[in-house]
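Down below is the structure, laid out as structure tokens.
The values are calculated or read from the model by the stated rules, or taken from the named source; none is laboratory data. Source: prediction; values computed, not measured. As a convention, Cβ positions derive from the backbone with ideal geometry for all residues, glycine included, and neighbour counts pool all protein chains shown.
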Amino acid sequence: MKKFKVSWDYVCHDKKPNSCEAAAISNRISETTRDLNENNMESFVKNVGNKGCTLCPATFKRNFKTTRSKEFFEQMQLLVLDFDGGISFEKAHNKAKNYNLPVLFAYETFSSTEENERFRLVFLNDTSITDKRVAKIAKNALLTIFPEADKHDCDIAKMYYGGKKLKYFNQDNPSIDINSLLMNMTYYLKENRGNTHYKKHVKKFAEDNKIKLNKKGLLDISQTNYPTELSGTSDEGKNSPSAIIFSTANGEDLPCSSNSPKTALTYYRIALDSDNSNGSSVVERNLRLHNIYRSNIIKNITDSCQLFNEFVNGKRRLHHDELFGISTNIIRVESGALLFETAISKYENFYDKTKCNRWKFYLKYNKDQDYKPRACNTFCPYKDKCNHGTNILSTTTSKRGTMEKIANFPEVFYDIADVEKDLDRAINKAYHSSDDLWHIIKAQTAAGKTNTFFKLMENNPDSRILIAAPTNILKNQIYEDADKRGLNVIKTPSLEELRGEIPSDIQRRIDYLYKTGRHRAVHSYINDTLKKEDIPCLREYLDEREKMKTFNGNVITTHRYLMTMDEKRLREYDAVIIDEDILLKSIISNQGTITVSELKKLLKSTTDRRLSDKVKELLKNIKTKKLIKLHGFEWDDDDKKEDDDGKSTPIDLPSFCLTKHFYFRKASEEKNLKEDTISFIKPVEFKKIKYIMVSATVDEKICRNYFGENNVNFYECKRAKYTGVLNQYPQKSMSRSCIDNNSGIIQKIIKRFNIERVITHKKYGYNPLHYGNTDGSNLYEGKDILVIGTPYHAEFLYKLFAFTIGQDFDENAKMKSDCATRNGYKFSFTTYCDEGLRDIHFWMLESELEQAVGRARLLRRDCTVHLFSNFPLRQAVMGEFDFEGEA
């Protein structure tokens, strides 16, 4: 229960005030406002009911002298009915219950006697009514249902004297709402005026209260959780042709998130005829409810929604709010209303037969009113346990291009200082551990991991630390930053960085040796070459390598270089730190391929029995399989396949021979594949030492699958809320095929936002950054950028990696549109049904998106990233983009 306001007089009375006392009360009460909540409600009720304190449900606007009159009406939330005989309290109370209008409290007036009961019923509306026209409508609706009440009691500024005895008080503080009140009034008229004539009385009520009717002849009132659906409306009590009243959903707080309010708001829209001088009015709504959900989803609802399961299977009696909430959802499903009626009739031990007709009316009434599905947070007792969406339907089904926020998703944010300390603690704890495990630390982009690495070096000056970055660019950046801080550091040299300086014929030979897996032969070749001719860049390269052998400080290198280092060299360091996810950046990307025709040529040319047997087995298996597992062995004779001119097809025989898992790809099934090809991920042997990997995109389950369940110590650091803003537009998938089929779509987005900084798929040429080439770049730091696209990889890669790490799945599995959940959202997405394949797919895809978005450094910089993808990221504010509008 949220607090609300009433006007009241603190002076107690034991009899009806005389005219002088009444005048004094009237003067005092308009200036005496009381805030009520669950803590002080009981004392207020007893003061009014037992001690004769006067109340006025309305409060009034402050001016030079606050006046109790409808002209200065501010708001009201209590609704009072005055009964001066003609009906007993018991009958009136039962009638209120019968029409689902729970009474908050009731009291006897001073003039009540045993022979002639006089009393007042007080109802609590679920929201503050800020429009005096709506306040009048609510009061008149109650008077319609209770014709026994004082018909002249229609002044919304009226004050009510207190009583001599409190007859009833519901300490649960139940409330009514405008929509339910008008619906039950309509049902009352149907019951008491007949099926054929009641709409005449509805029309008369509409005319008297200046409410429009819809095409079904019902009062034009609607309810929704989405204010954007309420066109032509106004709020805050403005005298416009229509009014919105908003309420908190049963006063319940929702989990706080980056893009949702703290409380669930329900909005009411009443279409009113205007009595203003401007003569404007609200255009009648075109009712267009359709059963947009097929009946086959009922099974999904029964399986997914505990409350609905309990209802249709008769496991317990549901109270009215639960039934009403279910009914507003189920009417949008084919045969849903019939199913609801059947369940109500079937379980006679729970539901009174006399109310079956009422539920039939409710179902038809809400359908005719185009009533929106009620939000789970407003009625479901399991809302804090279930990972639900907005309503039952959105929880169990998803529409393409929409993001359904999952309730109860844990999204807790900390100050950036706490995040930095947490990361520092995690890295130091891993550094000081004495085990040989993989210490994997997940930390937000821009959380300060590089700075933490440097602090580790500064605090341990006698230690040697090796840091491996995914690229030479990032390696150089880390080295330069460390050097500026005066750290004792060196970086490993790279032949790749000398490309362009090395003579082309020598470069071709070096490339050939690497592609054929003969890494050890590269440096022998360079030494032999330098004996014949002087190439300064290569001589300098070797000098730097020699310098490293005697250097006793910290070293910055790359993932690839790290993976070639032997255990003896690695154990020279007190810590081996891997910057970014080595699985995604340097292992999966290091693929080997060999066409079937090349494989056959290799079979004819090789004299090695083990190699010959492996090739034969592979050629045999591809006739019936795509996923092929063979024995691996070490290729230990570099000279057997020596080719001095380096012009033959380069095959990495050492990797091929070691590999156990292969994937056969048919050219007929892949658009850009010219020949039938066999792909594999080149094996990597990580030494039995302690590794510390820090990344924003690592996935715990995948790391455990690859490195071993018991070899991983995983820690996820605290998260901070972005300083900047991530806006996401999920209406289109923005895959490559989607962009290709929507000509000019990227240019339209650029023009609409007037932002030229774009990260998208490489094929569209928006350099310098693109998917797959964003790691560590500070090029767009603090700048507004566009990230456009959903970066799918080739399907074979997901399966090949899953196969390599030992997952079981159907090798013929295809991606298809399915309901998925990720990062606190439920959405429709083209992915695998298999859980393991889906995990890999989402991990790779999300990593690319997070890296791209991270280039703006939203965590610390006040800028905006506009993301166009139908895959949700954390802290994204979901919005809509008009793709059809003018650029």
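Within the stretch 137-171, being closer than 27 Å to residue 38 by Cα and part of a loop (DSSP other than H, G, I, E, B) holds for 156, 157, 158, 159, 161, 162, 163, 164, 170, 171. Where strands (runs of 3 or more DSSP E) fall entirely within the stretch 652-726, those with at least 1 residues that are in contact with a His (Cβ under 8 Å, 6 or more places away or on another chain) are at 677-681, 691-695, 712-716. When you scan the stretch 128-136, do you find a residue that is among the small types (Gly, Ala, Ser), in the same structural domain as residue 172 (by TED's automatic domain parsing) and modelled with pLDDT under 95, even just one? Looking through the stretch 128-136, at least one residue is among the small types (Gly, Ala, Ser), in the same structural domain as residue 172 (by TED's automatic domain parsing) and modelled with pLDDT under 95. Report the residue count in the stretch 306-322 for those that are over 28 Å from the mean Cα position of the chain (by Cα) and either in a helix (DSSP H, G or I) or in contact (Cβ under 8 Å) with a residue 40 or more places away in the chain (or both). Number satisfying all stated conditions: 3. Considering the stretch 671-688, the residues that are loosely packed, with under 14 Cβ neighbours inside 10 Å and in contact (Cβ under 8 Å) with a residue 12 or more places away in the chain include one that is nearest to residue 428 (Cα to Cα), namely 688.
Which residues, counting only those in the stretch 151-168, are crowded, with 18+ Cβ neighbours inside 10 Å and either farther than 25 Å from residue 271 by Cα or β-branched (Val, Ile, Thr) (or both)? Within the stretch 151-168, 156, 159, 160, 161, 162, 163, 164, 166, 167 qualify. Being touching a Cys at 6+ places or on another chain (Cβ under 9 Å) and either crowded, with 21+ Cβ neighbours inside 10 Å or part of a helix (DSSP H, G or I) (or both) holds for only one residue in 94, 47, and it is 47. Looking only at the stretch 112-121, decide whether some residue is under 21 Å from residue 161 (Cα atoms), in the same structural domain as residue 24 (by TED's automatic domain parsing), surrounded by fewer than 21 Cβ atoms within 10 Å (Cβ to Cβ) and touching a helix residue (DSSP H, G or I) at 6+ places or on another chain (Cβ under 7 Å). Yes, there is a match, as at least one residue in the stretch 112-121 is under 21 Å from residue 161 (Cα atoms), in the same structural domain as residue 24 (by TED's automatic domain parsing), surrounded by fewer than 21 Cβ atoms within 10 Å (Cβ to Cβ) and touching a helix residue (DSSP H, G or I) at 6+ places or on another chain (Cβ under 7 Å).
Being more than 36 Å from the chain's Cα centre (by Cα) and assigned by TED's automatic domain parsing to the domain that holds residue 568 narrows it down to one of 451, 488, so name that one.
That would be 488, the only listed residue that is more than 36 Å from the chain's Cα centre (by Cα) and assigned by TED's automatic domain parsing to the domain that holds residue 568.
Restrict the check to the stretch 835-853 and report whether at least one residue is more than 24 Å from residue 745 (Cβ to Cβ) and in a loop (DSSP other than H, G, I, E, B). No, the conditions are met nowhere in the stretch 835-853.
Here residue 589 clears all of (1) of a type in the set (S, T, N, Q); (2) more than 44 Å from the chain's Cα centre (by Cα); (3) surrounded by 13 or more Cβ atoms within 10 Å (Cβ to Cβ); (4) not in a helix (DSSP H, G or I) except the condition numbered (2).
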